[in-house]
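Reviewing the structure listed below.
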Amino acid sequence: MKATFRSIEGTYDILPTSRRAVRRSEAWQHVEGVIRDMMQRFAFQEIRTPVLEPLSLIARGVGEASDIVTKEMFAFIRGRTHYVLRPEMTAPVMRAYLQHHLEQHPGEQRLFYMGPCFRAERPQKGRYRQFHQFGVEILGAIDPRADAEVISCALEIYGALGLTGTTLRINTLGDADSRVRYIEALCAYFAPYEAKLTSASQQRLQKNPLRILDTKVQAERALVREAPRLIDYVDSESRAHYEAVKALLDEVNISYTEDPHLVRGLDYYTRTAFEIEGAGLGAQNALAGGGRYDLLSQSIGSSRSVPAVGFAAGMERLLLALEAGGQPWPAAGVVDTYLLGLGEAAAPVLFVLAHQLRRKGLSVIQGPRWRSMKAQLRTAHRLKARCCVIVGDNEVATGQATAKDMAQGTQQLVSFDALPDYLLSYLR
Ligand code: AMP
């Protein structure tokens with residue numbers, strides 16, 4: 001059959017049968033399970049927000065001058081409403097926090113999320129138009145402990161999955177005033193070189209000078225190395241906060257590199273900023289990024305200041321990194337029991353049996369009873385079935401089925417009535 005439609009460029013299907021982990025549902029389920037387990041250990045509770053958000057939330061929350069807002073949004077108008085497919089989750093989570101007055105609940109809010117995000121970027125390895133992020137946000141927390149906890153949570157997830165070769169870079173962005181002073185110094189520093197900058201960086205110099213620090217252009221990287229360092233403009237409280245975060249990381253032997261030019265692409269960060277990179281990923285090696293964003297609530301229109309810190313991590317990049325590291329995936333069985341029918345009379349008997357076994361909590365599949373025993377056994381092996389129940393005309397006549405242990409090759413006659421309990425005690 002000729003395939004008429006294909007998935008849109010930069011999006012893809014996750015299938016049970018794909019050889020590549022990033023496209024195989026079983027690999028996703030494994031990784032998601034480890035993430036959920038770790039979230040539980042850190043006492044993060046799940047938040048699920050809509051994929052559609054108001055465009056102005058993202059424009060204000062992420063920053064009018066950011067690449068995401070200027071170039072990468074999937075946005076559209078329906079009636080009078082401007083919508084956007086969410087490009088990230090922090091602004092939506094803060095929206096939900098403010099909308100539902102979550103600050104009225106005692107203590108800090110510890111939330112985690114997992115779900116699809118959308119950015120109209122040029123697709124390449126590790127960069128997609130629909131991708132998935134997981135992450136955490138601790139809202140209402142000023143303590144440096146929260147910053148260190150967020151970093152530790154991301155690294156513990158990678159560790160639990162057996163990922164090696166990750167590196168952590170950290171920096172502090174200071175408060176709003178230190179950012180203003182730093183941006184002034186940065187503009188003064190780059191001004192004499194303006195003519196030599198790429199047109200993209202020239203625009204950034206006008207609109208979002210911090211973004212120049214992220215340049216990938218070699219000649220510009222050399223300039224960035226000599227540029228003023230953020231830390232020299234940071235207020236004393238933010239410095240103390242930064243020192244406290246580093247001391248906590250030291251306590252639990254988390255190693256990091258201090259990167260005085262690490263700024264993150266999004267506008268709402270204050271104080272702590274960090275990025276985690278993975279090995280073997282090529283150009284798109286950022287696994288996760290995050291930091292403190294004490295200014296976000298006010299930049300999306302709230303009169304309340306909500307100190308908060310979190311991280312966002314890419315699922316696809318994590319799967320790619322695990323695959324590049326040669327990580328073996330746990331072998332998952334597909335079914336417990338394969339019901340192998342031979343001939344017409346077996347059909348109703350097996351249908352009833354399947355129904356009973358599923359009610360008992362076993363996973364069951366019925367083979368095509370018009371195919372030979374050999375062909376069906378081959379399928380049972382491929383599905384990694386632990387047990388085969390064989391029912392042909394003889395078995396229907398005697399009311400007994402042959403139960404075959406697929407690993408041992410042994411078999412036994414069991415009456416139909418006794419089969420559910422027999423299989424249950426045998427398989428569990
Ligand atoms: P950001 O919000 O840009 O800091 O992204 C957080 C993480 O999401 C990054 O470190 C990546 O792992 C992942 N990510 C961001 N954009 C994409 C994309 N277009 N495709 C795949 N993963 C992405």
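Rolling a 1.4 angstrom probe over the protein heavy atoms, how many square angstrom per residue are accessible across region 337-427?
55
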query = Rounded to the nearest 500, what is the chain's calculated 222 nm mean residue ellipticity when only DSSP H runs of at least 4 contribute -39500 (n - 2.57) each, over all residues?
reply = -11000 deg cm²/dmol
query = If you keep only loop residues by DSSP, which trypsin sites (Lys or Arg not before Pro) in region 194-261 have at most 11 other Cβ atoms within 10 Å of their Cβ?
reply = K216
note = For the chain, whose charge dipole is built from +1 on Lys and Arg Cβ atoms and -1 on Asp and Glu Cβ atoms, the candidate among T198, M114, L383 with its Cα farthest towards the positive end is L383
inquiry  = Quick one: 3J(HN,Hα) in Hz for region 375-392, Karplus 6.51/-1.76/1.60 with θ = phi - 60°, rounded, Gly and Pro as x.
reply    = 5, 5, 5, 4, 4, 4, 5, 4, 7, 6, 5, 8, 9, 10, 10, 9, 10, x
request  = Rank these by accessible area, largest first, 1.4 Å probe: W28, W370.
outcome  = W370, W28
task = Using a 1.4 Å probe over the heavy atoms of the protein chains, calculate the carbon and sulfur portion of the accessible area of region 272-381 as a whole percent.
result = 56
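Can you tell me the relative contact order of the chain? Whole percent, Cα pairs under 8 Å, sequence separation 6 or more.
Values: 734 pairs, mean separation 63.2, N = 428.
Relative contact order, the chain: 15 percent.
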request  = Of the DSSP beta bridges with both residues in region 337-427, give the percent that are antiparallel, rounding to the nearest 5.
outcome  = 55
ask   = Which net charge results when you count Lys and Arg as +1 and Asp and Glu as -1 among the other residues whose beta-carbon is under 13 Å from that of L320?
value = +3
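With a 1.4 Å probe and every protein chain kept in, tell me what percent of the accessible surface of region 176-221 is carbon plus sulfur.
54
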key: Most mobile listed residue (Q40, Q411, Q298) in the chain, GNM with C-alpha springs under 10 Å   = Q411
key: Exposure ranking of I77, I212 by accessible area [1.4 Å probe, largest first]   = I77, I212
query = Considering only the other residues whose Cβ falls under 15 Å of the Cβ of V31, what net charge follows from Lys and Arg at +1 and Asp and Glu at -1?
reply = -1
key: the chain: projected area of the alpha-carbon convex hull, averaged over directions, in nm²   = 27.7
query = Cα-based count: Lys pairs in the chain below 19 Å, eight or more positions apart or different chains?
reply = 9
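Work out how much length L52 to N394 would gain on full extension: take 0.36 nm times their residue separation and subtract the Cα-Cα distance, in nm to one decimal.
Value of the extension gain: 117.2 nm.
The values are calculated or read from the model by the stated rules, or taken from the named source; none is laboratory data. Because the structure is a prediction, the values reported are computed rather than measured. When we count neighbours, we look across all protein chains shown, and the Cβ atoms used for this are built from the backbone with ideal geometry, even at glycine. Surface accessibility is based on the protein's heavy atoms, side chains included, excluding ligands, DNA and RNA. Shrake-Rupley method; radii C 1.70, N 1.55, O 1.52, S 1.80 Å.
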